[in-house]
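The values are calculated or read from the model by the stated rules, or taken from the named source; none is laboratory data. Bear in mind the structure is a predicted one, so any value in this text is a computation, not a measurement. Glycine gets a Cβ as well: all are built from the backbone with ideal geometry, and neighbour counts include every protein chain shown.
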Amino acid sequence: MKLETIKTKIWQEHAQTKHPFMADSCYCSGYNVYQDILPNASWIEYLFLLFQLELPTAKQARLLEKLAIALANAGPRDYSVRAAMNGGVGGSSSAACLMAALGVGAGSVAGAREVLLAMQAWQHCGLSLALWQQYLSQPKSATQADVWPEAEHPMGFDPYANTCAQPVQQTLAVLVDCQVGEYLLCLQQQQGQLEQWAQCPLAMSGVAAAALSDLGFNPEQGEMLYLLLRLPGAAVHALEQRQLGWAQYPFFAGKIDVVNDPKRNQDEIND
């Protein structure tokens, strides 16, 4: 009987002798996961290995770790975090809350698609200011119209802000200090000029795009990592709002009148 084989360079397993559906050993890009990686590597090093199929240098690991911290929780002002909070306070399952965050955080306004397009811009423009001026003066790009609408602002910049946010500035400074690649340094040195051409300030998505490009990720990998790294904040805010309840949620409290509320009726009887 011909065995069906999944083709992958990422993963290799040796099946157990008595249980062919369970692995006896697992290898990621040639490294034994539970014998070598688990006792010796950090989560960030393993994450880099999964995507790049090679271990990061110390500087690369530090850059990815600092980026992960910066992206871990965008806070309740962020659209994707708010989507998860809405799900949590409404009693949705944990999976539904995270799916809401992924769905809202996937787009081209502070979302993962914006990071992909900004990384494509780094691929095209590189360190050429002339190319960046041309790109930022004509931000619209041809995308799949049935899935993604045309970009309405320069990718990696905030169309709704007047000045660059302090956390964005602080994140850029820390990431540049990791000394990996040239894009982050170029972004820091030319930030004012790029913002002038874009007619809007730098956004966190733009910093993330430069960092992920410096780390050697392609745009598709960067899009996926941006989605992944932003989930912790969405998760904890959803859990917190679920516990607090909709009555304390400012967007629901005072705007919803529950008819024949058993708890309210019981309170009235007790009074």
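Filter the helices (runs of 4 or more DSSP H) completely within the stretch 127-246 down to those with at least 3 residues that are closer than 22 Å to Ser80 by Cα. Working first, answer last.
On the way: elements: 129-137, 166-176, 183-189, 191-198, 204-214, 219-229, 231-244.
Per the criteria, 166-176, 204-214, 219-229, 231-244.
On the given criteria, is Tyr79 touching a helix residue (DSSP H, G or I) at 6+ places or on another chain (Cβ under 9 Å), of a type outside the set (D, E, K, R) and at pLDDT below 95? Quick ask: steps written out before the conclusion?
Values: touching a helix residue (DSSP H, G or I) at 6+ places or on another chain (Cβ under 9 Å): yes; of a type outside the set (D, E, K, R): yes; at pLDDT below 95: yes.
So Tyr79 passes the test.
When you scan the stretch 201-250, how many residues do you find that are within 17 Å of Phe48 (Cβ to Cβ) and among the charged types (D, E, K, R)?
3
Suppose we filter the stretch 64-103 for residues that are β-branched (Val, Ile, Thr) and either assigned to a loop (DSSP other than H, G, I, E, B) or closer than 27 Å to Asp214 by Cβ (or both); how many remain? Steps first, answer last, please.
Our first condition is that a residue be β-branched (Val, Ile, Thr); within the stretch 64-103, this holds for 69, 81, 89.
Among the residues that remain, those that are also either assigned to a loop (DSSP other than H, G, I, E, B) or closer than 27 Å to Asp214 by Cβ (or both) are: 69, 81.
Number of matching residues: 2.
Gln188: more than 23 Å from Tyr46 (Cβ to Cβ), surrounded by fewer than 23 Cβ atoms within 10 Å (Cβ to Cβ) and assigned by TED's automatic domain parsing to the domain that holds Leu116, yes or no?
Working: more than 23 Å from Tyr46 (Cβ to Cβ): yes; surrounded by fewer than 23 Cβ atoms within 10 Å (Cβ to Cβ): yes; assigned by TED's automatic domain parsing to the domain that holds Leu116: yes.
So Gln188 passes the test.
Which residue out of Pro154, Pro76 is more than 13 Å from the chain's Cα centre (by Cα) and surrounded by fewer than 18 Cβ atoms within 10 Å (Cβ to Cβ)? Reasoning before the result, please.
Working: Pro154 fails: surrounded by fewer than 18 Cβ atoms within 10 Å (Cβ to Cβ).
Answer to the selection: Pro76.
Would you be able to say whether some residue in the stretch 46-56 is acidic (Asp, Glu) and surrounded by fewer than 18 Cβ atoms within 10 Å (Cβ to Cβ)?
Yes; the residues of the stretch 46-56 include at least one that is acidic (Asp, Glu) and surrounded by fewer than 18 Cβ atoms within 10 Å (Cβ to Cβ).
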